[in-house]
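The values are calculated or read from the model by the stated rules, or taken from the named source; none is laboratory data. Fair warning: this is a prediction, and the values are worked out from it, not measured in the lab. Cβ placement follows ideal geometry from the backbone for every residue including glycine, while neighbour counts extend to all protein chains displayed. Accessible surface areas use protein heavy atoms only, side chains included; no ligands, DNA or RNA. Shrake-Rupley method; radii C 1.70, N 1.55, O 1.52, S 1.80 Å.
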Amino acid sequence: MKLRLRTLLTATAAAATLLAVGLPAAHAQGKYKDEYRMSLVLGTAFPWGQGGQLWADKVRERTNGRINIKLYPGTSLVQGDQTREFSAIRQGVIDMAVGSTINWSPQVKALNLFSLPFLFPDYAAVDAVVQGEAGKEIFKALEKAGVQPLAWGENGYREISNSKHAITKPEDLKGLKIRVVGSPLFLDTFTALGANPTQMSWADAQPAMASKAVDGQENPLAVYQAAKLQSVGQNHITLWGYMNDPLIFVVNKDVWNSWTPEDREIVRQAAIDAGREEIAIARKGLVEEGKPLVKELEALGVTVTDLNAEQRKAFAEATRSVYDKWKPQIGTNLVEMAEKAIAARKQ
Ligand code: X2X
């Protein structure tokens, strides 16, 4: 009897061990949802939204429909409030997103790196940072903040436009009411330039331009073109390349953990592929000889001022105090990592 009980106990323990080994994976991989909600600020008329669509299509195709993603542009899952998007991803109101570093920078300090005025002289500098060590550090910061980062995309170099006059020197910005995204670094930059910055969401920005409640804004030329900002009086654009706004493909942590390792790998690779394609779309018309996109905007009657190196330097000098103030807040190590990658870039 004693022996039989022991045998039984041993067998039970063995079964329990087997279960325990098998269970974590089974537990972690929960039920798949019928639909996953992807948040975006800009829809498929823009490179940003096209990046989201490419990602969703590749995932659906490569998982044979196991993972079905629906796009929610206009940050509609957070009622258009871009700066609340990151918290909503973390909390699971949003399953996944292709988001701007600017919009998430209030929650993830490291993301302010990209808003440091005049850090990125050219696209090679952007690539050296996001695809290098600094990019990996930023992904670690995002993971620590509670989301799963997968790949980089790009909104683009943010150029300034306004309805009043051509801007060639910092003094030209004096007193201009400029709409900026809800991130404190932008208030510092535009205040340093003598402008009058005002924070509002993208949804509010367009009516504000139309009613002349604001004089200007800053966004990539591809955004200007698709949003037809010439039709809300933004007739002057200055190419100053003061910052580049990358996009990041992310997934909510619980959603990520609910997928099998194979599906996670499919979603990650699809994000990397979609990101690469999206970056090419975002740069289209700006990297070819003669910048065809600039020509297209000029053909609409828009004045495009391309700053020369010396003019650009005047803006960089006028905002140097902002760079110096924010460097320790972002993390001196991270900023120096980026500066070194930029200095060592292949051009
Ligand atoms: O609001 C903007 O300016 C936009 C669309 O570029 C971002 O979401 C950062």
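Using every pair of separate Cα atoms, the Kirkwood estimate puts the hydrodynamic radius of the chain at 21.6 angstrom. Here the peptides 95-104, 133-142 are ranked by packing, the mean other Cβ count within 10 Å, and the order with the highest first is 95-104, 133-142.
For the chain, the residue among PRO261, ALA341, GLN329 whose Cα projects farthest onto the positive side of the dipole built from Cβ charges is PRO261. What the phi angles of segment 327-336 give under the Karplus curve with 6.51, -1.76 and 1.60, with θ = phi - 60°, is a coupling list of 3, x, 5, 6, x, 4, 4, 5, 5, 5 Hz, glycine and proline written as x. Estimated translational diffusion coefficient (Stokes-Einstein, Kirkwood radius over Cα pairs, 4 °C, 1.567 mPa s) of segment 302-347: 102 µm² per second. Working ranking of peptides 159-169, 198-208 by packing, defined as the average number of other Cβ atoms within 10 Å per residue, highest first, is 159-169, 198-208.
Remark: segment 182-320 projects, on average over all directions, an area of 11.0 nm² (convex hull of Cα atoms). Given THR63, ALA124, TRP48, which one lies farthest toward the positive end of the charge dipole of segment 44-127, if we put +1 on the Cβ of every Lys and Arg and -1 on the Cβ of every Asp and Glu? Towards the positive end, the residue furthest out is THR63.
Net charge dipole, segment 230-291: roughly 220 debye, given to the nearest 20, about the Cα centre with Cβ charges of +1 for Lys and Arg and -1 for Asp and Glu. What you get for segment 64-190, charging only the Cβ of Lys and Arg (+1) and of Asp and Glu (-1), is a dipole of about 360 debye around the Cα centre.
In segment 186-256, Cα pairs under 8 Å separated by at least six residues give a relative contact order of 20 percent. Hey, could you grab the Kirkwood Rh for segment 41-152? Inverse mean 1/r over distinct alpha carbon pairs, Å, one decimal. When all Cα pairs of segment 41-152 are included, the Kirkwood radius is 15.2 Å.
Relative to the Cα centre, the charge distribution of the chain, modelled as +1 at Lys and Arg Cβ and -1 at Asp and Glu Cβ, gives a dipole magnitude of about 1240 debye.
For segment 139-253, the calculated P(r) over all alpha carbon pairs, in 5 Å bins from 0 to the bin holding the longest distance, is 2, 11, 20, 22, 18, 11, 7, 7, 2, 0 percent.
Within the full protein context, the accessible area of ARG37 is estimated at about 90 Å² for a probe radius of 1.4 Å.
In 10 Å bins starting at zero, report the fraction of Cα pairs in segment 102-145 per bin as a rounded %. Per 10 Å bin, starting at 0, the Cα pair percentages come out as 28, 55, 17. Once Rg and the Kirkwood radius are both taken over the C-alpha atoms of segment 249-342, their ratio Rg/Rh works out to 1.13. The calculated 222 nm mean residue ellipticity attributable to helices in the chain amounts to -15000 deg cm²/dmol, summing -39500 (n - 2.57) over DSSP H runs of n ≥ 4 and dividing by all residues. 3J(HN,Hα) along segment 314-319: 4, 6, 5, 5, 5, 10 Hz, from the Karplus curve 6.51 cos²θ - 1.76 cosθ + 1.60 with θ = phi - 60°, whole Hz, x for Gly and Pro.
Amide H to amide H distances under 5 Å link ASN196 with GLY175, LEU176, LYS177, ILE178, where only residues 5 or more positions off or on other chains count and H is placed in the peptide plane.
Residues whose amide H lies under 5 Å from that of LEU40, counting only those 5 or more places away or on a different chain, are TYR72, GLY74, THR75, SER76; hydrogens are built 1.01 Å from N in the peptide plane. Backbone amide hydrogens, once placed in the peptide plane, bring LEU247 within less than 5 Å of GLY153, GLU154, ASN155, excluding anything fewer than 5 places away on its chain.
Toward the positive end of the charge dipole of the chain, with +1 on the Cβ of Lys and Arg and -1 on the Cβ of Asp and Glu, the farthest Cα among LEU247, PRO292, SER161 is that of LEU247.
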